[in-house]
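S.K.: Pasting a structure below so you can have a look.
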Amino acid sequence: MPARKSLSLQKETAVDINKARQLVLGRLCGRVALPELIGLASPLDAVFSLLYRTVSNDEGNSALLIGPRGSGKSSVISKALSLVAEKRKRENITSKYHIVRLSGFIHTNDKIALRDIARQLLIEQDLENILIGSFADAFTYILNLLRVASVEGEYGQPPVLFILEEFDLLAQHPKQSLLYTLFDIAQSQQTPIAVLGVTARIDVMDLLEKRVKSRFSHRQIHVHYMQSLDDFTSIARAALHLPLSDNINNDNNATFSEIYVSRFNSRVDEILATESVAAYIATVFDLGKDVRQLLRAFVLAASHITIEQPLLQLTDAEASIAKEEASAKFQVISTISLLELCLIISMKSLVQGGSSKYNFEMVYNEYKTFMSRHLMAAATGGTMKVYKKPIALKAFEALVELEVVRPVTTAVSAESNAGGGAFSRNDMLAGSTQGARAPKEYRMVQIMLEPGQIVELMANRIDVPMVIRRWAQQ
Amino acid sequence: MMTTDPNSRLSVQFPGRGEQIDQLLAFLGQPTDSSPPGIFVYGPTATGKTAVIRELFAQYDSTGQQYALVNCIECFTPRLLFERTLNAWAGHTPNVSNKYANYVRCENLVDFINCVRDLLVVASGGQRADTTHYLVLDQAERLRDRGPMLLTSLLRLSELTGANIAVILISNVVWDKFRPRHGGAPDPIPIYFSAYTKSQILDIVAKDCPQDEPQAFFLTFVDAIYEVFHRNCVDLNELRHLVAMLYPKFVQPVFEKQATRNEFARLFKLCQPYFSAASERLYLREISTSEWQKNSAVASAKNDPDDVTLSIYQMAEDAETLDLPYYTKFLLIAAFLASYNPARLDAQYFSRSKGPSKRRKGAKADDALGGKDRQQLLGPKAFAIERMLAIFYSIIAEPVDSSVDVQIQIASLVTLRLLTKASSGDRLDGIKCKCNVSLEAIRAISRSVKFDIDRFLYDFT
Ligand SMILES: Nc1ncnc2c1ncn2[C@@H]1O[C@H](COP(=O)(O)OP(=O)(O)OP(=O)(O)O)[C@@H](O)[C@H]1O
Ligand SMILES: [Mg+2]
């Protein structure tokens, strides 16, 4: 590693270094847009022109923006919206337009959505009475309120841009009235609205009802998977490189000296070219090209930028990568107690004996049988003891807590169904609660590990006696 | 902000957690740095996850308005979670003067997002939006069954509100088991709290050393306890519990002038009854802490070791045996037999003229015993009340006193959950029941009425 504080960097004040850290962290954590959107020029263009036409030509428009998770869909939209605002500013157009953002994650039904639409359009009126009628009526009423509120002489109705994130979830609302109404208005051209649905589901069209589909323009804008690893790597580069100047939070402008920027950026390039880091980037690329996952690996390094250490450190990046890659499932159970391990092996041998589900009593029986056979053989040196049932049960419960062992829930009702004949509702209820009411020793469970993984579990432990190892390998 | 180096201070307070504290502090960073939207703190029980984070925030933010600590078991509806969070961020405490009202009312996710935006972005004129706010969700695995969108939306809180928010999830379940099926939840950054090594455990328990006791002496004791218990239990809390309960007994001989502090071997020997008999029962909480402290006086090393053992067993037994009327005990035994024995063999076992033992051999020849699907392993099966009564009348030696109302006895066994109903309906005749009592318990009950249950059990080992 080069010297921590070099003479040439002393020009940089602590304030500037803080700003550099904030800028890079902001990008990595998704709060500051990257300086450029890599490989997204054509969707950006399409989204921009769609929105712009609604805002300036009063056109009704609808389209779907489709692309995988973390591929930059939301970023494209924010960029397009800011381009619209910029262009209008350049052209000195001041007419009013509204933006409404909905997300299937939080707008879980149409009523909630409608209320929030009104709120976002700054309509203060109490909506309780209008919410009684049909969705379309209420919606038109809200848009009409906008017309009254508008002071523009020329345009009776200001354009509204509807951004519908997680469109597929919105399509799961009963009757799809929200989508129907929006598409219907967009298509009828009476009111200038743009409806832009955003989704990660390629098959999203199949979710739409016929009447909804018929009102949709069928325009699809695709954000494709990144084609080359180089492009993917350059996203990381774009996120980490410092510019010569930048306004991070509108008002506080940061300028960095040329020498700092060039040293900072060449360190970034070095890190990205390092074998371990490049390999990680390639893995993320192969596994689904999620940009968020790519950028996450550099948060730790970026948060360590200080006046004493103004450049990124490779060791930080490598440490984060190691943590990402460590198989989390194994970490937690690699330190369970020997008794818990024995119970896991007992379950493995039950599985190998052909049982797909088993309860604590069976597991304990398996454990006891094995232990007594081997303790009698007395070849173990006497360090092992057979634990009593209640102690083993406590260990077993710890495994359930870790969800290494999962209760089998459907079995009981399936059985009572298989029993045939018409069950009254009461019988069904009694049947399904029966499983839950059984004493915990008898509730059926399943182990969530593969036999191979169980053997692997033992590899790194030194405290496992040879007999147990051999037992696990059987 | 922090004056002295927070890491070194916290690391002293929490031995063995230096690396995790480092990582957390790096992600917390300076107050206006952007934080990762999700951090996932996970690891086995009793590895200091909650304690470290609690302490870290208490020192990091003395005003308490930048973080909210929410326990997901306590806040069992999304609404409680939302309102608790906003109370914390707004610095609002429900109390008498505000009639225990919350800061705002939040019914659903949209309300929550809007309230957060109002509080952090709008109300402060954008000032607070840049300061990181933390939402710490303990026992986060519970969030999975609070609606499919809650967890996802919380992990996108920063994106959805435009404020600088980090959500910290704490759990002992791994992230793989959280990931919602629709795939919209961005993976949080993992921070792993590993299980403590032996030396770390000793460092931590060393802090429990009673004030006037020599630490090296105390640690030798802890070491011994660790060696006995780590094979079946690696939980730090359990170990501390045992040490706290047993250490006074261990040093008692010193004060009673039976041994000196240098005679470890002798002290261990004097303590032996506790190690073997009490520790297991304390671990299983068969003896409660208060009971132990009250009654363990008799268990002094001055007394005969056999007496000691006996008194310990007595304590556990008191908690264990069921005190039931004489006939009710037989009813329960009958229920147990009906739950586990095959009905087809009832005639052989319970016909009055012949004892069961002869027939049992015959039964053995017919069936393969000791199989993996024997009733003992499968658990109790449902039986008709009539069958239980038939067994009851056959195992009871003398005719039943006519004043005993068997139906009422059955009803009270159901109320006590010793019998569970396996079919619906309020009337007790004609329904099916299961016996909800373990083999050990039924053996104890049988002993108390001098009934040899093992002779009647089919295919038990
Ligand atoms: N092609 C790209 N060029 C530059 N930055 C990108 C690109 N793709 C993604 N990003 C960055 O990745 C992060 C996630 O992107 P974004 O939120 O736009 O994804 P998304 O497609 O909306 O994901 P989701 O479907 O999960 O909502 C953002 O911080 C964004 O800056
Ligand atoms: Mg998005």
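S.K.: Ranked from the most accessible area to the least, with a 1.4 Å probe and all protein chains present, what is the order of A:228, B:35? The partial results should precede the final answer.
M.R.: Numbers: A:228 40, B:35 0 Å².
Of A:228, B:35, the descending order of accessible area is A:228, B:35.
S.K.: Can you pull out the chymotrypsin sites (Phe, Trp or Tyr not before Pro) in region B:25-128 that DSSP calls coil and that have at most 16 other Cβ atoms within 10 Å? Don't skip to the end; give the middle numbers.
M.R.: Details: sites: B:27, B:40, B:42, B:57, B:60, B:67, B:76, B:82, B:89, B:100, B:103, B:112; in loops: B:76, B:100, B:103.
Hits after loop and neighbour filter: B:76, B:100.
S.K.: D for region A:40-222, whole µm²/s, Stokes-Einstein with Kirkwood Rh over alpha-carbon pairs at 4 °C and 1.567 mPa s: what number?
M.R.: On the way: Rh = 16.6 Å.
The Stokes-Einstein estimate is 78 µm²/s.
S.K.: So for the pair residue A:440, residue B:266, with labels modelled 7 Å out along Cα→Cβ, what separation do we get in nm?
M.R.: About 4.4 nm, to one decimal.
S.K.: Another question, then. Determine which residues of region B:52-79 fall in the zone a paramagnetic label at residue B:123 would reach in this model, i.e. backbone nitrogen under 14 Å from the point 7 Å along Cα→Cβ.
M.R.: B:65-67
S.K.: Ignoring ligands and nucleic acids, what accessible area does residue A:286 show with a 1.4 Å probe (Å², nearest 10)?
M.R.: Probe radius 1.4 Å; accessible area of residue A:286 about 120 Å².
S.K.: Moving on to the next point. When Lys and Arg each count +1 and Asp and Glu each count -1, what net charge do the other residues less than 14 Å away from residue A:87, Cβ to Cβ, add up to?
M.R.: My count for the surroundings of residue A:87 gives +2.
S.K.: OK, next. Residue A:213 versus residue A:276, label points 7 Å from Cα toward the beta carbon: distance in nm?
M.R.: About 5.2 nm separates the two model spin labels.
S.K.: Considering the alpha-carbon set of region B:99-187 alone, what are its Rg and its Dmax in angstrom?
M.R.: Here Rg and the maximum Cα pair distance are 14.0, 43 Å.
S.K.: Still on this structure: Can you check how the C-alpha radius of gyration of region A:227-325 compares to 2.2 N^0.38 Å, as a plain ratio?
M.R.: Normalised Cα radius of gyration, region A:227-325: 1.11.
S.K.: For residue A:202 and residue A:385, FRET efficiency with R0 = 45 Å and r from the beta-carbon atoms, rounded to 0.05? Write out the running numbers ahead of the final one.
M.R.: On the way: r = 58 Å, r/R0 = 1.28.
Here the calculated transfer efficiency is 0.20.
S.K.: For residue B:257 and residue A:257, what does the FRET efficiency come to when R0 = 60 Å and r is the distance between their Cβ atoms, rounded to the nearest 0.05?
M.R.: The pair residue B:257/residue A:257 has a calculated efficiency of 0.20.
S.K.: Calculate the spin-label point distance for residue B:375 paired with residue A:473, positioning each point 7 Å from the Cα along the beta-carbon direction, and give it in nanometres.
M.R.: 4.2
S.K.: If you don't mind, there's one more thing I want to ask. Please report the accessible area of residue B:177 (heavy atoms, 1.4 Å probe, ligands and nucleic acids excluded) in Å², nearest 10.
M.R.: So the heavy atoms of residue B:177 present about 50 Å² to solvent.
S.K.: Sort all Cα-Cα distances of region B:176-218 into consecutive 10 angstrom bins from zero, then give the percent of pairs in each bin up to the one containing the longest distance.
M.R.: 21, 26, 16, 17, 14, 6
The values are calculated or read from the model by the stated rules, or taken from the named source; none is laboratory data. All figures in this text were calculated on a predicted structure; none of them were measured in a lab. Neighbour counts run over all protein chains shown; Cβ positions are idealised from the backbone, glycine included. The accessibility values were calculated without ligands, DNA or RNA, using every heavy atom of the protein model including side chains. Shrake-Rupley method; radii C 1.70, N 1.55, O 1.52, S 1.80 Å.
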